[in-house]
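Only one structure is covered here, and it is reproduced in the block below.
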Amino acid sequence: MEPVHEQPAAAKTPTRPEDGPGRPDRAPAPARTVRVTPLEEGPLLVDGPVEVVMPDGTVRRSERPVVALCRCRRSLRDPFCDTSHRRRSRPGRSGGPSPAPPA
């Protein structure tokens, strides 16, 4: 498994229009389309490499060609998927066992 690198948010490449040329402290965002594929009952697959800005401002980086981002919020490697979604299914979703009715 490839290590995930963290760096301060100030070092991130901007991805929003307001972070572009008008901001002298940041370089313009690269002009490329990123493919995101949501998997049913699974993570979002994002063509990499990626940088994910966390709520506290830290940046999680992965150089992998495809990165799985967790949607179930069970991953111990947040925001990256660790396949925890395979161990439990969500109530009301297809593809897994239904929860037992209350006794």
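The values are calculated or read from the model by the stated rules, or taken from the named source; none is laboratory data. All of these numbers come straight from a predicted model, not from anything done at the bench. Cβ atoms come from the backbone with ideal geometry, glycine included; neighbour counts cover every protein chain shown.
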Picking from 64, 60, which residue would you name as being in contact with a strand residue (DSSP E or B) (Cβ under 7 Å, 6 or more places away or on another chain), at pLDDT 90 or above and basic (Lys, Arg)?
-> 60
Of all the residues that make up the range 53-67, how many are surrounded by 13 or more Cβ atoms within 10 Å (Cβ to Cβ) and in contact with a helix residue (DSSP H, G or I) (Cβ under 7 Å, 6 or more places away or on another chain)?
-> 3
Inside the range 34-71, the number of residues satisfying the requirement of being assigned to a loop (DSSP other than H, G, I, E, B) and either of a type outside the set (Asp, Glu) or within 10 Å of the chain's Cα centre (by Cα) (or both) is 15
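Being outside any strand (DSSP E or B) and within 14 Å of residue 51 (Cα to Cα) is the filter here; which residues of the range 72-87 pass it?
Correct list: 78, 79.
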